[in-house]
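Heads up, the thing below is written out as structure tokens.
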């Protein structure tokens, strides 16, 4: 009985030492390359408290960016994104993989995550990227320059279009409803149809019914 008790005691002691010894092995949470040694040999460290190395993996790269809350209904998981890296002169297409369910009260934004294909290995952590997110699509949209949109005293928007009649070619006013703007262009959702000729040169100075000459550039 004494021998059995000694054996069991020694076995428990060995198991305890093996568990303690296993804690001296550092296991990385993912496969990668050690980019920097933060803690030197001989320093005292604590589990979960002390950073030992900077581990970098270039395989599963992604971009995390904050987006203003005004886009919360138009930017969703699966939305198409064009990612450009100015330093590398590279461009790639991707889609939003994840959107946050939390609005940051400090800047009224939510975060999105976009995976990036890094087959060449040129993309590095913290590299500057420029994103173009397709937050709106209208296949049959009619776009006109912002500069041709005018407003009357009632706040109604209108453009001047070409009207050919027996009296000649005249400028007439056409009330329109505008949609989204993109750069120097704006969408017309109501008031114009395909084939209408919108006056661009002198659009704000031409008068209703004025005879005009058409010059196609």
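The values are calculated or read from the model by the stated rules, or taken from the named source; none is laboratory data. Predicted, not measured: the structure shown is a model, and the values here were computed from it. Note that each Cβ is placed from the backbone with ideal geometry, even for glycine, and that neighbours are counted across all protein chains shown.
A few points about this structure:
- Residue in region 182-198 that is within 25 Å of the chain's Cα centre (by Cα), surrounded by fewer than 16 Cβ atoms within 10 Å (Cβ to Cβ) and part of a strand (DSSP E or B) present: yes
- Among the residues of region 157-181, just one is under 34 Å from the mean Cα position of the chain (by Cα), surrounded by fewer than 15 Cβ atoms within 10 Å (Cβ to Cβ) and either in contact (Cβ under 8 Å) with a residue 40 or more places away in the chain or in a loop (DSSP other than H, G, I, E, B) (or both), namely 180.
- Hey, residue 106 more than 16 Å from the chain's Cα centre (by Cα) and at pLDDT 90 or above or not: yes
- Within region 128-149, the set of residues being exposed (fewer than 14 other Cβ atoms within 10 Å of the Cβ) and assigned to a strand (DSSP E or B) comprises 130, 132.
- Just one of the listed residues (24, 50, 79, 39) is farther than 30 Å from residue 137 by Cβ and either touching a helix residue (DSSP H, G or I) at 6+ places or on another chain (Cβ under 8 Å) or touching a residue at least 12 places away in the same chain (Cβ under 8 Å) (or both), and it is 39.
- You will find that of 103, 149, the residue that is in contact (Cβ under 8 Å) with a residue 12 or more places away in the chain and within 30 Å of residue 199 (Cα to Cα) is 149 and no other.
- Test result for residue 94, outside any loop (DSSP other than H, G, I, E, B) and either touching a strand residue (DSSP E or B) at 6+ places or on another chain (Cβ under 9 Å) or touching a residue at least 40 places away in the same chain (Cβ under 8 Å) (or both): yes
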